[in-house]
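Reading through the structure tokens given below for one structure.
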Amino acid sequence: MSEPAKPGILERLRARFGWFDHVMRAYERFDDRNGGFFAAGLTYYTIFALFPLLMVTFAVGGFLLSRRPEVLKTIDDHIRSSITGALSQQLVDLMNSAIDARTSVGVIGLGTAAWAGLGWMSHLRAAISEMWSGQQPDSPGFVRNKISDLIEMVLTFVVVMATLALTALGHEAPMRAVLKWLDIPEFPAFDWFFWLLSILISIFVQWLLFTWMIARLPRQKVSLINSVKAAFLAAIGFELFKQVASIYLRVVLRSPAGATFGPVLGLMVFSYITAYLVLFATAWAATASGEPAPQPVAPPPPAIIAPRVQLVEGLSTRQTLTAMAVGAVGALTFSRLTRRVR
């Protein structure tokens, strides 16, 4: 009788450390639900949605510059002093044409941003819902889905703007301005204090943002407690990623090639890592209880009743002749035996 196979290293670690078993269960769910595929798709929709937002930004800048001719003249002078020759005039003409077309650019940008934003929100909600339950709930209808996605997109945009504002307040320059306004002298120890406080504020606002995304965006009700815990881990991981990314950008932007392609590649990597982190945190929240989420049981297929008619054929001609012959032989044999007995 063969001995049972010994458990491997991963099995022993999972049996010993509950947190490690939770991480493995989260990764298994993330992998089974195609989390990497969803993260790549969200990266595409994120990059695609940025271009109409840039159009809206340019349109807003055009409206502001059209009302501030002194600022526009300062920009023209700066361009002409920095760039000589015909190129400076071409840049000035290009800026003026962009300002003149601010209305059409803004309208097209708003329409495209709404369309791209709805697509981004729809796919983000589908990906997070997939990490939670693995099955999408019944759709209430195309129109109601789009209205719901529009509401969630606007609310998410408001939350993102609020978190960006809180993050900006945690930077060194605003803090120094507040100290100056309060007439508090600066000390060398404030540098470390500002750095630590900015990180803590960043983690806090990222925690709020990820909690909103993990708990609010799924199309079904989910556990708020598990969402809060998963969002906190995601906020810490995201802050670590930001620190590494800042070092990467400082190194890459030193070369001309890095300055040209580095920001584009950095934006793509930033979008992918963010989507990957949100979806993995959602899978972590979905496996926090240690038991798989209850799945809706699909009804059995309808029973098909089809009567079967089977015809029972009689004896064939050969079988009939054989039976007659056997009967005749049997009758003849019986009659002879009867005569002998007499």
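To the nearest µm²/s, what D does Stokes-Einstein give for segment 26-68 at 25 °C and 0.890 mPa s, using the Kirkwood radius over alpha carbon pairs as Rh?
Working: Rh = 12.9 Å.
Reported coefficient: 190 µm²/s.
What ranking do Ile108, Ile151, Ile273 get, fewest neighbouring Cβ atoms within 10 angstrom at the top?
Numbers: Ile108 15, Ile151 11, Ile273 18.
In increasing order of surrounding Cβ atoms, one gets Ile151, Ile108, Ile273.
I need the shape label for segment 34-130. Rule: rounded when a/c is under 1.5, else prolate if a/b > b/c, else oblate, with a, b, c from the alpha carbon gyration tensor. Prolate, because a/c is 1.5 or more and a/b exceeds b/c. Packing here is the average count of other Cβ atoms within 10 Å per residue, and on that basis the peptides 9-20, 222-233, highest first, run 222-233, 9-20. Within the shell of other residues whose beta carbon sits under 15 angstrom from the beta carbon of His78, the net charge comes to 0, with Lys and Arg scored +1 and Asp and Glu -1. Just tell me which lysines come within less than 25 Å, Cα to Cα, of Lys221; anything on the same chain fewer than 8 places away is out. Result set, ordered by chain and number: Lys146, Lys229.
Just so you know, all these numbers are worked out from the coordinates, no wet-lab data involved. Keep in mind that this is a model prediction, so the values were computed, not measured. Every residue, glycine among them, receives a Cβ derived from its backbone with ideal geometry; neighbour counts consider all protein chains shown.
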